[in-house]
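Q: Got a structure for you, written out below as structure tokens; questions coming shortly.
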Amino acid sequence: AQRLNGAVLTDMPPIIELNERAIESYGAATIAELLTALAPQTGGGRGRGGGGSVVLLNGQRVSGFAEIRDLPPEAIQRVQVLPEEVALQYGFSPDQRVVNFILKDNFSAVTVDLEGGAATAGDYLRSEQQATLVRIGKAGRINLSVQRQSVSSVLESNRGIVQRPGAAANAGDFRTLSPSTETYNFNAVANRKLSDRIGLTLNANYEDDRSTALLGLPAVVGPIPTALVRDTRVGRFGSGATLTGSAARWNWSVTGTYNRSISNTRIDRTLASTD
């Protein structure tokens, strides 16, 4: 029989192979969620622990998981889970199973995902919004994703925390049990076939993570009480490139990544009493 386009070139049969209907049955919104659902089947069976599974796309290595994480499961034609021995063929340790995602030849979609949550005790809200554009054709594919996540803070007064003796009656209004957070994530992937045997994939992503916590009242309280604040902001930039090709009986790939992270934290300091 003719080998499926994008399948791993190996004589070892897959341990598990999922078609489109089986993939839909998991109800996953992204490949990341699908991998989580498949974790019991993709974990190594050699009893040595090891790292996570090796992830391939159309039988080729990727520069990083960010390259494929936002692809919708609807774009996947088949999923193959292969034994640990296949990982050796791709330069990985033999205690990791291989998960190969085979994409459809022609696919286009715009997806919007909205999620929200709240605590049953109140005073806590969580929201997440994500928009993704995917286009897959014979010449390559484009994937753009924008995501925002936010979590509200929870104050000590929201949960009835007993304050220390001598503290102000409303001290719980100026100290957080959990900080408020806000995260923005942008991810872009472009893949093109340079020739019948060579393909190039470029990936760039940026994440902006912000957190604000209240640390209580200062030692000297003015006419209008103001809490001490700790603001944290972390910016992460990542990029990757993968060049793949084939020659005679050999398949080759060259991958490269660049990552940079910048973290800034501002903490208010209390003032000593001048009495």
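The values are calculated or read from the model by the stated rules, or taken from the named source; none is laboratory data. Every value quoted in this text rests on a predicted model; they were computed, and no experiment measured them. Methodologically, a virtual Cβ is constructed for each residue, glycine included, from the backbone with ideal geometry; neighbour enumeration extends over all protein chains shown. Just so you know, the surface numbers come from the protein's heavy atoms only, side chains and all, with ligands and any DNA or RNA stripped out. Shrake-Rupley method; radii C 1.70, N 1.55, O 1.52, S 1.80 Å.
Q: Out of the strands (runs of 3 or more DSSP E) lying entirely within region 37-150, which hold 2 or more residues that are under 19 Å from the mean Cα position of the chain (by Cα) and either surrounded by fewer than 19 Cβ atoms within 10 Å (Cβ to Cβ) or of a type in the set (S, T, N, Q) (or both)?
A: Details: elements: 54-57, 76-82, 98-103, 107-118, 125-137.
Hits in region 37-150: 107-118, 125-137.
Q: Restrict the check to region 43-62 and report whether at least one residue is basic (Lys, Arg), modelled with pLDDT under 85 and over 23 Å from THR201 (Cα atoms).
A: yes
Q: Here are some conditions: (1) open to solvent by 50 Å² or more (accessible area, probe 1.4 Å); (2) over 30 Å from PRO225 (Cβ atoms); (3) out of contact with any strand residue (DSSP E or B) (no Cβ under 8 Å at 6 or more places or on another chain). SER157 meets all but one. Which one does it not meet?
A: The failed condition is (2).
Q: Since SER93 meets every condition but one in (1) closer than 30 Å to TYR258 by Cβ; (2) out of contact with any Gly (no Cβ under 8 Å at 6 or more places or on another chain), which condition does it not meet?
A: Status for SER93: all satisfied but (2).
Q: Looking at the structure I just gave you, is ALA219 aliphatic (A, V, I, L, M) and either within 34 Å of the chain's Cα centre (by Cα) or open to solvent by less than 90 Å² (accessible area, probe 1.4 Å) (or both)?
A: Yes; evaluated as a whole, the condition is true for this residue.
Q: For region 252-270: of the residues being hydroxyl-bearing (Ser, Thr, Tyr) and in contact with a strand residue (DSSP E or B) (Cβ under 8 Å, 6 or more places away or on another chain), which is nearest to ARG175 (Cα to Cα)?
A: Looking at the filtered set, the residue picked out is THR265.
Q: Residue by residue through region 179-201, note down the ones that are over 14 Å from the mean Cα position of the chain (by Cα), without any contact (Cβ under 8 Å) to a residue 40 or more places away in the chain and assigned to a strand (DSSP E or B).
A: Of everything in region 179-201, those that are over 14 Å from the mean Cα position of the chain (by Cα), without any contact (Cβ under 8 Å) to a residue 40 or more places away in the chain and assigned to a strand (DSSP E or B) turn out to be SER180, THR181, GLU182.
Q: So for region 202-216 (the condition being crowded, with 18+ Cβ neighbours inside 10 Å and within 30 Å of ALA247 (Cα to Cα)), does at least one residue qualify?
A: The answer is yes; a qualifying residue exists.
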